[in-house]
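J.: Sharing a structure below in C-alpha cells format, with a few things to ask.
Bear in mind these aren't lab numbers, they're just calculated from the coordinates by the rules spelled out. No experiment lies behind these values; they were computed from the predicted model shown. Backbone-built Cβ (ideal geometry, glycine too); neighbour counts: all protein chains shown.
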Amino acid sequence: MSLGEKLLDLRKKAALSQEDVAEKLGVSRQTVSKWETDQTVPELIKAKLLSELYNVSYDYLISGTPIGGDLTNIELIVDEIDWTSAWSKKYPILASYQGMQGIDSYSKKISELYDTFKSEFNFDDSDTVLVLKDILYQKYKMAKKKSK
C-alpha cells in the first residue's frame with residue numbers, strides 16, 4: 001500500500017474530510033488530495049502531524065509495510081495505535097481523567113491488583129488484561145441493567 005493509499009484509508013477511518021485534515025495541518029485541501037493520490041509526499045513535519053492525527057506511528061505511516069488480510073500485519077498496526085487518544089474522541093473522559101486529583105492512588109491500587117491477579121492465576125499480560133477487562137465489563141453490564 002502506497003503512502004497516499006494509507007493516508008486516504010486512515011482519513012476515511014477517522015471520518016475526516018480532506019478539508020478537516022487540511023485545516024488541522026495548515027495546508028490546502030488540494031495538498032491533502034495530492035498526498036492521497038501519490039502526486040506529492042508530505043514534508044517530514046507534516047507526516048509526523050499526520051501520524052499523530054491518525055493515531056499511528058510515524059514508522060508505520062512511512063514504511064512500505066502493506067495493510068492486507070495478513071493478521072500479523074494487522075496486529076502490528078493495532079499495537080502501534082494510541083488507544084487512549086483514539087477512544088478519547090468518542091469518550092472525552094479518557095483524555096482528562098489522568099489529571100484528576102486522587103486518580104494516582106487508584107492507579108497504584110489497580111496496578112497492585114493486576115500484578116497479584118497475574119501471579120495468582122499464572123496468566124501472561126495479555127490474558128490478565130483480557131480477563132480483568134471482562135470482569136469490569138460484566139460489572140458494568142449489571143450496573144447498567146439495575147439502573148433501567
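J.: Among the aspartates and glutamates, select those whose C-alpha is under 16 Å from the C-alpha of LYS133, and discard any that sit fewer than 8 residues away in the same chain.
T.: GLU112, ASP115, ASP124, ASP125
J.: Please tell me which of these pairs span more than 22 angstrom C-alpha to C-alpha: LYS109/LYS139; LYS12/LYS48; LYS118/LYS139; LYS13/LYS139?
T.: On the way: LYS109/LYS139 18 Å; LYS12/LYS48 18 Å; LYS118/LYS139 20 Å; LYS13/LYS139 31 Å.
Among LYS109/LYS139; LYS12/LYS48; LYS118/LYS139; LYS13/LYS139, the Cα-Cα distance tops 22 Å for LYS13/LYS139.
J.: To continue, here is another question. Please compute the net charge surrounding SER111, taking Lys and Arg as +1 and Asp and Glu as -1 over other residues with Cβ under 11 Å from its Cβ.
T.: 0
J.: Then there's this: With a 10 Å cut-off between alpha carbons and a GNM built on the chain, which of SER57, SER107, SER28 moves the most?
T.: SER107
J.: GNM, the chain, Cα, under 10 Å: largest mean-square fluctuation among THR40, THR116, THR84?
T.: Of THR40, THR116, THR84, the Gaussian network model singles out THR116 as fluctuating most.
J.: Quick one: plug the Kirkwood hydrodynamic radius of the chain (C-alpha pairs) into Stokes-Einstein at 37 °C, 0.692 mPa s, and report D in µm²/s.
T.: Values: Rh = 18.4 Å.
Taking Rh from Cα pairs, D becomes 179 µm²/s.
J.: Compute the signed sum of charges (Lys and Arg +1, Asp and Glu -1) over the other residues within less than 12 Å, Cβ to Cβ, of GLY102. Walk me through the intermediate numbers first.
T.: Details: positive: LYS108, LYS109; negative: ASP104.
Residues near GLY102 contribute +1 overall.
J.: If you don't mind, there's one more thing I want to ask. Taking the Cα centre of the chain as origin, work out the dipole magnitude from +1 charges on Lys and Arg Cβ and -1 charges on Asp and Glu Cβ, in debye rounded to 20. Could the numbers behind the result be given before it?
T.: Values: 21 positive and 23 negative charges, 223 e Å.
It comes to approximately 1060 debye.
J.: Apply the Karplus parameterisation 6.51 cos²θ - 1.76 cosθ + 1.60, with θ equal to phi minus 60°, to every residue of the stretch 134-140 and state each ³J(HN,Hα) to the nearest whole Hz, in sequence, with x for glycine and proline.
T.: Result, ordered by residue: 5, 4, 5, 5, 4, 4, 4 Hz.
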